[in-house]
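Step one of this worksheet: look at the structure below.
The values are calculated or read from the model by the stated rules, or taken from the named source; none is laboratory data. All of these numbers come straight from a predicted model, not from anything done at the bench. Positions of Cβ are backbone-derived with ideal geometry, glycine not excepted, and every protein chain shown enters the neighbour counts. Accessible surface areas use protein heavy atoms only, side chains included; no ligands, DNA or RNA. Shrake-Rupley method; radii C 1.70, N 1.55, O 1.52, S 1.80 Å.
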Amino acid sequence: MRGVLITEGDAAPGTALLIAAAPAGKGRLVDASSVLPSLAAVPPSALTGTRAATVVELADPLDPQTVLTRIRAAAASPGPLFLYLAGQLQLDRKQRRVHLALARSTAATLRYTGLPWHWLASELTIRRPGTTTVFVDLVADQ
């Protein structure tokens, strides 16, 4: 078996995925998207610990499938992944599952308009141990 030596210049670039989501209107408990401008000002390499990195920002996304697609693409990247989630968690009343509320989420439509937490967890399980940092800044309803 031959080993491959990876030097700093050859290391896979990192990915920083910054997601800020909260429902619009009276259901909003926090202005999650207000944190992204200051976080986006941080050099991407500082977030991922790599020389080069890609940053993807999702501010108040509308569609859970769009968010899932971005998470899936970031999770499949070979380099280090830094995932930042800001927003609010809500419990789906019917299935009793936790969701990240998105811009169109309401208590009645959360099952269809929020991002199920188990989707996020499932996508991150494909990552090699030690290559993923998840930072959450979330509020939850009662």
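Restricting to the stretch 109-142, count the residues that are touching a residue at least 12 places away in the same chain (Cβ under 8 Å) and closer than 14 Å to residue 27 by Cα. Counting residues in the stretch 109-142 that are touching a residue at least 12 places away in the same chain (Cβ under 8 Å) and closer than 14 Å to residue 27 by Cα gives 6. Within the stretch 31-58, the residues that satisfy the criterion of being at pLDDT 90 or above, buried (at least 16 other Cβ atoms within 10 Å of the Cβ) and within 26 Å of residue 109 (Cβ to Cβ) are 57, 58. On the given criteria, is residue 83 open to solvent by less than 30 Å² (accessible area, probe 1.4 Å) and either over 18 Å from residue 13 (Cα atoms) or touching a Phe, Trp or Tyr at 6+ places or on another chain (Cβ under 6 Å) (or both)? Taking the combined requirement at face value, the residue does not satisfy it.
From the set of residues in the stretch 88-113 that are part of a loop (DSSP other than H, G, I, E, B) and under 13 Å from residue 32 (Cβ atoms), which is farthest from the chain's Cα centre (by Cα)? Top of the filtered list is 105. Kindly indicate whether any position in the stretch 86-102 is out of contact with any strand residue (DSSP E or B) (no Cβ under 9 Å at 6 or more places or on another chain) and either in contact (Cβ under 8 Å) with a residue 24 or more places away in the chain or open to solvent by less than 10 Å² (accessible area, probe 1.4 Å) (or both). Within the stretch 86-102, none of the residues are out of contact with any strand residue (DSSP E or B) (no Cβ under 9 Å at 6 or more places or on another chain) and either in contact (Cβ under 8 Å) with a residue 24 or more places away in the chain or open to solvent by less than 10 Å² (accessible area, probe 1.4 Å) (or both). Of the residues making up the stretch 41-69, those that are in contact with a strand residue (DSSP E or B) (Cβ under 6 Å, 6 or more places away or on another chain) and of a type in the set (Gly, Ala, Ser) are 45, 53, 59. Against the definition (at pLDDT below 85, crowded, with 16+ Cβ neighbours inside 10 Å and among the basic types (Lys, Arg)), how does residue 28 come out, yes or no? For residue 28, the condition - at pLDDT below 85, crowded, with 16+ Cβ neighbours inside 10 Å and among the basic types (Lys, Arg) - is met. Go through the stretch 51-74 and report how many residues are over 10 Å from residue 115 (Cα atoms) and either in a helix (DSSP H, G or I) or touching a Cys at 6+ places or on another chain (Cβ under 8 Å) (or both). Residues flagged as over 10 Å from residue 115 (Cα atoms) and either in a helix (DSSP H, G or I) or touching a Cys at 6+ places or on another chain (Cβ under 8 Å) (or both) within the stretch 51-74 amount to 6.
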